[in-house]
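Colleague: The following block contains the structure, expressed as structure tokens.
The values are calculated or read from the model by the stated rules, or taken from the named source; none is laboratory data. Since we're looking at a predicted model, the values are computed, not measured. Please note: Cβ atoms are built from the backbone with ideal geometry, for glycine as well, and neighbour counts cover all protein chains shown.
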Amino acid sequence: MWTLFQIEVYKIFRRPRTYIAFAAITGLIGIIQFGLKLDGAQYVEFMMRDITSSITIEGNILNGYQVCYIVLQVLLVHVPLLIALVAADMISGEANMGTLRLLLTKPISRDAFLVAKFMATMVYTLLLLIWLAILALFLNMLIFGTDDLFLLKSSYVVLLRENDIFWRYCGAFAFAALAMSTVAALGFLLSLFANNSIGPIVATMSIIVFLTILSTLNIPLFSYVKPYLFTTHMIGWKEFFDIKVNASNEALSGTIQHPMRIVQSALVLLAHIVLFLLISIWVFRKKDILS
Amino acid sequence: MQPLVKITALTKQFGHLTAVDHLSFSVEPASVYGFLGQNGAGKSTTIRMLTGLIMPSSGEIEIFGLSLAKHKKEILKQIGAVIEKPDVYQYLSAYDNLQLFARLSGIRPTRVSLMDQLAQVGLADRAKDKVAGFSQGMKQRLGIAIALVHQPQLIILDEPTNGLDPQGIADIRHLIIHLRTELKKTVIVSSHLLSEIEQVATQLLIIHKGKKVKEGNASELFDPAQTVVQLSTEQNETAWAVLQASSWQPYLQRITPEGIILKVDRRQIPALHQSLVHLQIPLISLQPRHSLEDYFLQVTTPGYVDTLSN
């Protein structure tokens, strides 16, 4: 199993396609950093236009933490596509190249082969998230410095102290990794049903768009299914940036307002990953290799 | 002697289509088993079932005396296969591909042994080149190196001469003969190039629409006494008269605008040629016409009539 896993990771990182996602994230974050560095003041002014009359804020608002939050809000919606590029190609790509039939004539069990490929997909997903964290968090901390994080929610504002932020980002990135792993598991499952990767990539994205729309629609009929949709829980990383307040409305450092929501969302995502993997194993065991 | 491969009532259905229908055969050790059939006859489906790529609908596959369904991993350790095209990773070099598949075959070869393997198929000087730039013949040779890297006992080659030039076809033929005679390996080979199979196979199986039509060795299937020969001369009428008066009279069939038709034992053809020279018949061509191909068409094509032998 370990040999299979090593080979799969080796294959992923020898393929040029793998680096499209890393290059895309680097380019997108670079553009955001470039724009905010040159024109950040105007962006902050626009962001704060509704509340500057009622409160006064001092300090470096557009700091690295703030930029990281902006980047995550923008990018985490699109990262699934980059994940799907590789995950949905894992089996279908081998079928398309014709290497699947050569691989499966080797003395390896289908279950071990599939699990090794799945684990390699998770490694890719994790490394992509780590790369995102390096660029979005650490690089922005270097470029824009650090200060308190000021977040505008729909009906309230959150002010997180500088020394109370970093661990929240660690949690948010860990949660995002889980959410993206769910996308990867879905793409991986769909890759079993095709002999080229275009179909599974498009199908993965279509399902995510469809379920995301269902998750956000406020129609009572859909409210029964929403809690079971993984797309409903993919934005759970934002919960790390809501802080508890006491009776005097003072923020309690080191707290999360709804920690159980995070746990619940993580469990739903984890259940989806396990479900997608088990279905993949079941399908692959019975699959005739005709490619 | 216990057969190395024993197939019993093997059947594969895809929906309503029966691709392989109660097929039974056995392969002796250290033999070359030729697998013949038209496109869609069920050759590839059978070979894919032998290598575990396709699950049989029913029937038994025993290899090395073990059930493939129960001992797949142990059996595949001793099998090297090239199924249809020898597709490998285009973005890796020949060396990297060979090393990767060697590890998947359960061995950790040294650099020297891998280079030696590549040298045997004539790819040592292209070892570090990416496969994307290889010709079909080079890919085929690499595929064979991958199939042989773990020294398997049974080698399965599905249409190994597809897309190869005449030199490549001859190389494959020599390799198959070498594997059987020198290394005592067992080879199962399928091809639509019947003349190729005829030259290397010790046993033959002809299937049609998933069913066994004939099985046996080449001499059993193809009666050498039934060879139809067509000879063309500058003056066929005169040659016909001369042959009528010679010891070849019993073998004469008929005269056609293209030449004279005789039915002889294949082994008599050299003597026939000598007689023609002796009888001073100016020969243009002498062609044995009743090949395995004719036989194959006879047994697999409904309504096929061998016009030359009638």
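Colleague: For segment B:117-133, check the following and say yes or no: at least one residue is surrounded by 15 or more Cβ atoms within 10 Å (Cβ to Cβ), within 14 Å of chain A (Cβ to nearest Cβ) and either without any contact (Cβ under 8 Å) to a residue 60 or more places away in the chain or within 25 Å of the chain's Cα centre (by Cα) (or both).
Modeller: yes
Colleague: Okay, moving on. If you take the residues of segment A:206-234 that are of a type in the set (A, V, I, L, M, F, W, C) and crowded, with 19+ Cβ neighbours inside 10 Å, which of them is nearest to A:Asp288 (Cα to Cα)?
Modeller: Ranking the qualifying residues of segment A:206-234, first place goes to A:Ile208.
Colleague: Within segment A:136-165, how many residues turn out to be surrounded by fewer than 20 Cβ atoms within 10 Å (Cβ to Cβ), touching a Leu at 6+ places or on another chain (Cβ under 9 Å) and closer than 22 Å to A:Val79 by Cα?
Modeller: 0
Colleague: Consider B:Asn39 against the criteria (1) in a loop (DSSP other than H, G, I, E, B); (2) closer than 28 Å to B:Ile177 by Cβ; (3) touching a helix residue (DSSP H, G or I) at 6+ places or on another chain (Cβ under 9 Å): it satisfies all of them except one. Which criterion is unmet?
Modeller: (3)
Colleague: Is there a residue in segment B:198-208 that is over 11 Å from the mean Cα position of the chain (by Cα) and at pLDDT 90 or above?
Modeller: Looking through segment B:198-208, none of the residues is over 11 Å from the mean Cα position of the chain (by Cα) and at pLDDT 90 or above.
Colleague: Residues to consider are B:Ile61, B:Ile47, B:Ile79; find the one that is touching a strand residue (DSSP E or B) at 6+ places or on another chain (Cβ under 7 Å), in contact (Cβ under 8 Å) with a residue 60 or more places away in the chain and more than 8 Å from every other protein chain (Cβ to nearest Cβ).
Modeller: From the options B:Ile61, B:Ile47, B:Ile79, the qualifying one is B:Ile47.
Colleague: Further question on the same structure: Output the residue which, of all residues in segment A:1-31 that are surrounded by 13 or more Cβ atoms within 10 Å (Cβ to Cβ) and small (Gly, Ala, Ser), is farthest from the other protein chains (Cβ to nearest Cβ).
Modeller: Among them, the one singled out is A:Ala24.
Colleague: Of everything in segment B:180-204, what is hydrophobic (A, V, I, L, M, F, W, C) and either in contact with an Asp or Glu (Cβ under 9 Å, 6 or more places away or on another chain) or free of Cβ contacts under 8 Å to residues at least 40 places away in the same chain (or both)? Give them in sequence order.
Modeller: B:Leu183, B:Ile188, B:Val189, B:Leu193, B:Leu194, B:Leu204, listed by residue number.
Colleague: Which helices (runs of 4 or more DSSP H) does segment A:33-152 wholly contain that include 2 or more residues that are within 18 Å of the chain's Cα centre (by Cα)?
Modeller: Counting at least 2 such residues, we get A:64-75, A:79-87, A:110-133.
Colleague: Quick check, is A:Leu81 crowded, with 23+ Cβ neighbours inside 10 Å and either touching a helix residue (DSSP H, G or I) at 6+ places or on another chain (Cβ under 9 Å) or away from chain B (no Cβ under 14 Å) (or both)?
Modeller: Taking the combined requirement at face value, the residue does not satisfy it.
Colleague: Can you say whether B:Ile107 is within 12 Å of chain A (Cβ to nearest Cβ), surrounded by fewer than 17 Cβ atoms within 10 Å (Cβ to Cβ) and either at pLDDT 90 or above or touching a His at 6+ places or on another chain (Cβ under 9 Å) (or both), as far as the supplied structure shows?
Modeller: For B:Ile107, the condition - within 12 Å of chain A (Cβ to nearest Cβ), surrounded by fewer than 17 Cβ atoms within 10 Å (Cβ to Cβ) and either at pLDDT 90 or above or touching a His at 6+ places or on another chain (Cβ under 9 Å) (or both) - is met.
Colleague: Then there is this: Checking A:Leu221 against (1) outside any helix (DSSP H, G or I); (2) modelled with pLDDT under 85; (3) away from chain B (no Cβ under 14 Å): exactly one of these is not met. Which one?
Modeller: Result: A:Leu221 passes all but (1).
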